[in-house]
Structure formats: structure tokens, C-alpha cells
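J.: Got a structure for you, questions after.
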Amino acid sequence: MNKFLSLLALALLLSTASIAQSVVSFKAMGHDDEPIYGMIGAKSFYLKISPLVEMKGSKLVLYIEPSQALIKDHSFVNIVINDRPAYSARLTKDSIERINIELTPEDLSADKFLKLEIKTLLTVSDDKCKDLDNPAMWVKVKDYSYLSLVKTNGNFFNNVNISNCFESKRAIVYPVNPTLHDLKAVAWAYSRLKKTLNREIKVYEEDQLPDTIKNYIMVGNWNSIQATKKAMINVTPQPGQGLFFLKKALVTYQDSVAKGKSKSLADVTVPGEILFVTGGDDVGYEKTITALGNMNILSSSFGEYLLIQNAQNNFFKTIEENRTRLTLRQIGGAPNFMSGIGSLTNVYSFKNSDFSFTPKEVEIHFVANYSSLTPGDRGYFNIYLNGMLISSERLDATGKLNTSVTINRYQHHKYNTVEAEFRIYPSSGNCINSFTNFFAEVDVDKSYLESKNPFITNDLSFYQYPEAFNTGTTMVVLTKEYAKYATAALGEIIYELNNNINGNNFPEFAYSDNVGVAELKKYNIVALLSQNDPFMDKLPDAPIKFNKKFRIYNNENNKEVYRISDSVSNGLAQIFYGRSNNAVLVLTATGNDKADAFTAASRSITEQLSTLSSNMCISDVNGNKYLFNINKSSENLEYFDTKSALTRFWETYNLYILLGILVLILMSFLYVRSRVQKSQELFND
């Protein structure tokens, strides 16, 4: 009877609180205002849909701002969802047009994405030939366009599993006294979430988890998991076994709910998920962590738990794998058949870290097929790098394109965008008939980027991070007392070390007091240290000794620009070559807000830095950062805690002391002179 009543209560709970409307803007999904240029233009969006969403009843609302110069009666917007036409119409007279589209289950792709294509055909004048290069040919998809999604808890228990649960996670929770295994698990979980989410990831000690967070990842050895949490897991891992377990439940709590113009407390029921990352012992726990870094295992785990008997880093290619040539398909390029007239473009993105090493020169090679031009037509193939034209080649009658351009280190950045453009100018007499005649397609398998020479310098810089760690094995070194402050920073670093087309860097972890000189020569080193960790003394090649008080001066006016302080929360980072020409990255944090300081430093060094030679970064918790180029013999670096008290006293008061000595000498001279004069007077008398 009790079991029946419990089932009845659960059914009532599902029926009364199973449906909710969720509005997600394009801005929240990572899209700013997106312009679409040209007479014939297109823009694609790939929007991830939660497994809790019921497509029937959901809708897409687009806000499109057209150019004021368009003839709207002759301009069209076409919307294609999941490769099927969903909407076609002329532009209206509104300055910003609103388009509502009801969604259906057929609009969702098999991998749970909403594939949205917006295609335009625009007109400015009655003469299409004059419209080809008119800069007024544009519309803008506004970032406050949104998806109104029906979320139903009825899909919760059936549709949510390990493979798709990461999208809903908001935080990572670890034990109060984390071990090295816990820190490694947090780092890999953070890296996995960052590849999935477009929002900030929170990291908490278990006793500091806010009550408002219902979806999170909990890491810990089986013996370290609290009894209340362990009771949620109905599978017990044996020694040597790893375990992923997804606990799903409907959680009811009180929250303020708007009723008319007032607010009142009401019960709110939401899905709650905890993904446990654990193991029967340290050996099993390590297997789970290894699997956590393997996207293939996670994406194919469709159940609520996964017991791991064996785990190897087979997914992680050998670290010395040659990645000097990358096809456009490897960097995310997809086949795209283009047709029309004017400007037809494809955009590709790549990072320096996609290659095995920081490239000094990169060859950009394009292979494409296109329709032959009619007599009198003019066609060009243009290549743009980061918005700048770097190559232009005239098309001929063969219909075959095979062209290359090489860029040097000053032209490409850490993060780059390559745009390939076919630009067609039909002959004046044949213009009207040419709009459907031209077509082209870039071969993404035969087109490639090739790193010609490695960028080699005597001193390592942040420009070469993280690819400086691509060769060899990496060890993460931590100050034991500061380890819990470095969890989010560890996640940022693990993510960046594997933020390329072949995630293949699986570092070892160690505490600083257990690492000797032999390990420093054997591994690339990423060290997150306390300010006074003596491990710093084992790194004689470091430009700056973080365990000593120092200040940095401006070379031009000799004014102090930075002084290390224990009271100000700053993150400090430096990168350099070690004794075996291995890459070494050292981070430390000052002040009271050490966790945010570590995180600020780890994020600052991954940004699009503007200099090739910066090896020292200082960042604060407010997002400000300062870059320096420092070496051990720099005149703009001074240590001020290595001098004796007498030396510091002398440097502070030496002018006063010298002045006092001069006064004493003068007074002595005057005294002696007066005595001599007095003696002479007595002698004369």
C-alpha cells in the first residue's frame, strides 16, 4: 500500500510540475548580432537542444534588421531548419522584422542540434548588375532572437543519460581535503564541461556547495564520498573498478514566483542531476579519470552508470604525432556548394595549437572546382586572413582551382580566421542571365594548412603556449597547501593543453615537495605554487623568483610599475625553457582571493596576446592583465627582500648620512681653523 501511494504521489508530481517554458536568447548561446552580406547571402546556426525539451509546442523567434536601403518588396528571407524549408517571405516594412516559427520533432537532428540556416536574396535597385558590390546589401540577425522551449520532466528519466548530461551541469564538487586524484578529476571534468558549455563553470568544496545548484559533477574516491551521497548510488564499485553514476531526481524547493505585480513563495520542482566520478579504490578512480578525458567513451555511454574495468589513453594519440599538415575538414570545414553571383564565401578557423609546434610560416592551400565563366565574365578567388586580403587570383576557363599562399609569423595570430571568396563580375551584356549560372565548391579534404617551419626563439613566450607542451610528457606540480585554490585554474590549463584537433596531453600530477631535479629535466612542467614555495629555487632558469619580493620598473622613465604585495589579489604567470630545453609554466597567487587569482592568471595567458615576446603576465581578479618581457639580467627587475637590514638602511638614508658627514667635516675644518687662528694670535702677542 505504501509503495502504491508513493507511486501515485510521484505521478501527481510529474503531472502537476512537468512542463515549463524556457526562453534562451541567441546571445546566451554565444551569438552576437550576425550580419548577412551580399545579394545572395547565408548564415548557419547550430543550436544545442537539451534532452528535456519537448519540440512540439516550442518555437523559434527571429528578429532581423534589414538595411534601410533595401527594396523590401523585392528582398526575401528564407529559413531552412534541419535541411528542410521552414519559412520564405518578402521583407516587411518594419525596421526590425519578427519571424515566429513553430518547431516540430522533425526539426531536431539525430545529434540533438537545431540546424538553422538563414538565406537571403536582397535588392537595392531594379538593376541587379549594379547591386553586386553595393555595400548596402545586408541584413542582421539580432542577438535577442530566441528559442522558446517547452521543457518537460516527463522526458527526464527516459532521455537523460551519461552521454548527454554534461550540458546541464553547472558546477564541480570535490572533497574538503582533496587528493591528487581529486584534483586531476576536477581538472578533467572542468575541461570536459568547458568544451560543452558556453558559460562560467563553478568549482566548490563539498561543504561550500550552494543549495541553489541542483546539477553538478561530484568527484571523489568511493571511501571519501559522504554516506548521504553514497546512499544515492545503487551500484558499488569493487577494488580496481571505476564508476560513472548519474543520479536523477525531481527536486522541489521554495522560490519566489511572480503573480501579477507581486511575488510570493511557492514550491518549484526541477530536475536534479549528480554525476558521480568515483572508483572502488585509487586504481579504479584513476581509470574513471582516464575515461573522463576520452570523448569517445562518454559520448557512447547511454545508461545511468558505467563500470570501468580497463582504461587506457588510446584516445590520446602519441604526443610526437606529426601535425604539420591539417586539412580544412580537420579544422571543422564542411563541404559547401555555393551558387550565385557577386561574393561567395567560406570561413575557416584554426589555432596555432592545432599544429605540433608554433608555426613560423603557414602555407594555406586551396583546391576547388567551379563552373566555367562565360566570355567576358571576370572571376577572382580571394583569400583573407583575419580580415585582411593576402591573395587574389583570377579564375580561368578550366573550372579548376589549385592555389597557395604562405603567411609569416607576423601575419597570423594564436587564433585565426581564413576566408575563401569567389567574386564574380559577369559581362554587362550577360549580367541578368548569369545569376544562376556560376557555382563553386572548395574541396575540404584536398585543401590544407601546412606549418612550414617551427617558430624557435631563445626565450619562450606566451605566444608559444600551449603548443610548447605538445612535445614530450607534462607534469603538473602543486603546492599541497594551495592545491584547493588552484582547482579551476587546473581545469583551464588541462582544457587549453588539449584544445586542438587531437586532444593528446594527459599530464601526471605531483606535489612540489615530491618532485626532484630529475623530474624537472624529464618532463615539461606546469607548476601552480604558493608564493613562498621553496620549489621555485629548483628552477634556476626562471626569469623571476616568485618566492622573493620583487618590483618591476618602466625601462623608459625608471618608474615602478609593479610591486608584489601580499595584500593584493593578483595572479602571476611566467613561461620559460628549463635546463633540458623543456617548457616550464609557473603560476602563483597573492592576496586573500587566491582561487580567483589563480584562475585569472590561467585565463589571461590563453587569450589573443598582442606581442610575440611576453613571458611574464600579471592579472587581477577584475580581468585586468599586464604583460612584460623579463629575463634574469633585466635592469627593470629588482629584488628587495634579499638585502640585509644594514644595506636597506643605507639605500634609504645614504643621502642624509653623506650630508651629515659633510657637515661634520665642515664643522671640524672650521673648528681647527679657529684654533689655528687663535694660536697664531697668541704667538704674535
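For (1) at pLDDT below 90; (2) touching a Gly at 6+ places or on another chain (Cβ under 8 Å); (3) exposed (fewer than 14 other Cβ atoms within 10 Å of the Cβ); (4) small (Gly, Ala, Ser), each residue gets a yes or a no:
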site: Leu5; (1), (2), (3), (4): yes, no, yes, no
site: Leu12; (1), (2), (3), (4): yes, no, yes, no
site: Pro35; (1), (2), (3), (4): no, no, yes, no
site: Ser44; (1), (2), (3), (4): yes, no, yes, yes
site: Ser67; (1), (2), (3), (4): no, no, no, yes
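J.: Now, a different point. From the residues in region 366-403 that are assigned to a loop (DSSP other than H, G, I, E, B) and polar (S, T, N, Q), which one is surrounded by the fewest Cβ atoms within 10 Å (Cβ to Cβ)?
T.: Thr398
J.: Identify the residue in region 294-335 that is at pLDDT 80 or above, surrounded by 12 or more Cβ atoms within 10 Å (Cβ to Cβ) and of a type in the set (A, V, I, L, M, F, W, C) and, among all such residues, is farthest from Asn159 (Cα to Cα).
T.: By that ranking, first place goes to Leu326.
J.: Determine which member of the set Val568, Val517, Val526, Val561 is in contact (Cβ under 8 Å) with a residue 12 or more places away in the chain, of a type in the set (Val, Ile, Thr) and buried (at least 22 other Cβ atoms within 10 Å of the Cβ).
T.: On inspection, the qualifying residue turns out to be Val526.
J.: Which one is most open to solvent (accessible area, probe 1.4 Å), of the residues in region 223-238 that are of a type in the set (Gly, Ala, Ser) and in a helix (DSSP H, G or I)?
T.: Result: Ala227.
J.: Restricting the search to region 470-498, which residues are open to solvent by 30 Å² or more (accessible area, probe 1.4 Å) and in contact with a Ser or Thr (Cβ under 8 Å, 6 or more places away or on another chain)?
T.: Answer for region 470-498, where residues must be open to solvent by 30 Å² or more (accessible area, probe 1.4 Å) and in contact with a Ser or Thr (Cβ under 8 Å, 6 or more places away or on another chain): Thr471, Lys480, Glu481, Tyr482, Tyr495.
J.: Would you tally the residues in region 126-179 being under 15 Å from Leu70 (Cβ atoms), open to solvent by 30 Å² or more (accessible area, probe 1.4 Å) and touching a strand residue (DSSP E or B) at 6+ places or on another chain (Cβ under 8 Å)?
T.: 2
J.: Ok, one more. Among the candidates Val235, Val257, single out the residue that is at pLDDT below 80, over 27 Å from Asn498 (Cα atoms) and of a type outside the set (Gly, Ala, Ser).
T.: Only one candidate qualifies: Val257.
J.: Out of the residues in region 122-163 that are part of a helix (DSSP H, G or I) and of a type in the set (A, V, I, L, M, F, W, C), state the one that is farthest from the chain's Cα centre (by Cα).
T.: The extreme case among them is Cys129.
J.: Residues that are of a type in the set (Asp, Glu): list the strands (runs of 3 or more DSSP E) wholly contained in region 473-572 that include at least 1 such residues.
T.: 508-511, 560-563
J.: Enumerate the strands (runs of 3 or more DSSP E) found wholly within region 600-685, keeping only those where 1 or more residues are modelled with pLDDT of 80 or more.
T.: On the way: elements: 616-620, 625-628, 637-639.
Correct list: 616-620, 625-628.
J.: Between residues in region 530-557 that are surrounded by fewer than 15 Cβ atoms within 10 Å (Cβ to Cβ) and residues that are at pLDDT below 90 and polar (S, T, N, Q), which pairs lie under 6 Å by C-beta distance while being six or more apart or on different chains?
T.: Asn532/Asn547; Asn555/Asn636
J.: Looking at Ala573, Ala589, can you tell me which residue is at pLDDT 85 or above and touching an Asp or Glu at 6+ places or on another chain (Cβ under 9 Å)?
T.: Details: Ala573 fails: touching an Asp or Glu at 6+ places or on another chain (Cβ under 9 Å).
From the options Ala573, Ala589, the qualifying one is Ala589.
J.: Here is a list of conditions, (1) open to solvent by 40 Å² or more (accessible area, probe 1.4 Å); (2) within 22 Å of Lys48 (Cα to Cα); (3) touching a Phe, Trp or Tyr at 6+ places or on another chain (Cβ under 8 Å), and Ser191 meets all of them except one; can you say which number that is?
T.: So Ser191 meets the others, but not (1).
The values are calculated or read from the model by the stated rules, or taken from the named source; none is laboratory data. Please read these numbers as outputs of a predicted model, since none were measured by experiment. Using ideal geometry, Cβ is built from the backbone for each residue, glycine included, and neighbour counts are taken over all protein chains shown. The protein model used for the area step is the full one, side chains on, heavy atoms only, and it has no ligands, DNA or RNA in it. Shrake-Rupley method; radii C 1.70, N 1.55, O 1.52, S 1.80 Å.
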